[in-house]
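Undergrad: Provided herewith is a single structure, encoded as structure tokens, for subsequent inquiry.
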Amino acid sequence: MKDLSSKAEQRLSYTLLVLPAVLFYFSVMAFPTVFSVVLSLTNYNGGKIFGNPEIGFAGMVSYLKTFKDEYFYLALKNNMYIVGVSVFGQIPLGFALAYILSRGLVRGCDFFQSMVYLPNVISTVVIGILFQSFFLNNNSVYMEIVRFFNPAAEYTLSSNPMLPILIVILWMYTGMYVIIFLANLQKIDTSIIEATKIDGANEFQSLLYIILPALSGVLVTSAILAISGSLKSFDLIYVMTQGGPARRTNVLSIYMYDKAFKGAPNYPLANAISTIMVAISFILIAITKVVEKRFGGKE
């Protein structure tokens, strides 16, 4: 009887400890997500306050409108550019810098570590305004540098307006992955690496057969962070371009914002876009997990 009583008390204590976190999760994360999906299946556009009819079921109408809109595919393409730069730019570059710092291949490691991470502590709005003045007009700092070498040069970034944004994103978030990899590289026993060198392995072989397998789980986690962060990109792009020129720098989050809050509100369409964003995120993360299993990732 005492064992049953102690188990019941243990279950009750666990329940009381977990309950606040569960309630918080459902109220802040789960409920808004489910409500967004439900709203995307209705015709609700603000109700009577906007002169619209009462809420009613509309099925997949909003999703069909989204998939027929050419600007949706433009925004999706731009998001995929950001995902590509994040996964195949920030993570490899962050790992390379972390490896150089952890192995002491340069002097002043603490200084370089601080400088690489510095963009993460600066407001995104400040960075957006800074690089807007640096890149995005005919009298920008970038054009002044170009004209120093070629006085007849004209502003050319308008032909590929996503390029400055991708450069800023690469510069801004690489430092976060440097810190993540640096912290995990320091957990690897240096005696193992030294033993491989005694056995005749060079630096590249130690990296390939010892360090990378040990960090495979961290690489997968970093990829998931990069994907989720890329799909919700909003503030930096909105400050720099607001989706222009001619919506050519639109991403899904700005596309959703425009449908919900600019002009006549279309909340079902905006919520359909957000649901599609979540679905894309799950698909990309699932692909990442498949790759992890294929190449033997370790947590």
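Undergrad: Here is a check on your reading of the model: is Ile280 within 26 Å of Ile165 (Cβ to Cβ) and in a helix (DSSP H, G or I)?
TA: It is true that Ile280 is within 26 Å of Ile165 (Cβ to Cβ) and in a helix (DSSP H, G or I).
Undergrad: Of all the residues that make up the stretch 141-194, how many are over 24 Å from Ile91 (Cβ atoms), among the hydrophobic types (A, V, I, L, M, F, W, C) and without any contact (Cβ under 8 Å) to a residue 12 or more places away in the chain?
TA: Selection size over the stretch 141-194: 7.
Undergrad: Right, something else. How about the stretch 72-92: which of its residues are touching a residue at least 60 places away in the same chain (Cβ under 8 Å) and either hydroxyl-bearing (Ser, Thr, Tyr) or over 20 Å from Leu231 (Cα atoms) (or both)?
TA: Tyr81, Ser86
Undergrad: Of the residues Val126, Val106, which single one is of a type in the set (A, V, I, L, M), assigned to a loop (DSSP other than H, G, I, E, B) and surrounded by fewer than 18 Cβ atoms within 10 Å (Cβ to Cβ)? Step through it out loud before you land on a result.
TA: Values: Val126 fails: assigned to a loop (DSSP other than H, G, I, E, B).
After applying the criteria, what remains is Val106.
Undergrad: Determine which member of the set Leu215, Leu185, Leu219, Leu269 is open to solvent by 30 Å² or more (accessible area, probe 1.4 Å) and not hydroxyl-bearing (Ser, Thr, Tyr).
TA: From the options Leu215, Leu185, Leu219, Leu269, the qualifying one is Leu219.
Undergrad: So is Phe57 modelled with pLDDT under 90 and open to solvent by 60 Å² or more (accessible area, probe 1.4 Å) or not? Walk me through how you get there before you give the answer.
TA: On the way: modelled with pLDDT under 90: yes; open to solvent by 60 Å² or more (accessible area, probe 1.4 Å): yes.
Criteria met by Phe57.
Undergrad: May I ask you to verify whether Gln113 is closer than 29 Å to Ala270 by Cα and either among the charged types (D, E, K, R) or surrounded by 12 or more Cβ atoms within 10 Å (Cβ to Cβ) (or both)? Please lay out each step first, then the result.
TA: Working: closer than 29 Å to Ala270 by Cα: no; either among the charged types (D, E, K, R) or surrounded by 12 or more Cβ atoms within 10 Å (Cβ to Cβ) (or both): yes.
Spelling it out, it is not the case that Gln113 is closer than 29 Å to Ala270 by Cα and either among the charged types (D, E, K, R) or surrounded by 12 or more Cβ atoms within 10 Å (Cβ to Cβ) (or both).
Undergrad: Still on this structure: What number of residues in the stretch 226-266 are of a type in the set (D, E, K, R) and open to solvent by less than 50 Å² (accessible area, probe 1.4 Å)? If you could, list the steps in order and put the result at the bottom.
TA: Applying the first criterion (of a type in the set (D, E, K, R)) to the stretch 226-266 yields 232, 235, 247-248, 258-259, 262.
The next check asks that each one be open to solvent by less than 50 Å² (accessible area, probe 1.4 Å); those that pass are 258.
Total meeting the criteria: 1.
The values are calculated or read from the model by the stated rules, or taken from the named source; none is laboratory data. Model, not experiment: these values are computed from the prediction. Reconstructed Cβ throughout: ideal geometry from the backbone, glycine too, with neighbour counts over all protein chains shown. Side chains are part of the model used for accessible areas, which takes the heavy atoms of the whole protein and leaves out ligands, DNA and RNA. Shrake-Rupley method; radii C 1.70, N 1.55, O 1.52, S 1.80 Å.
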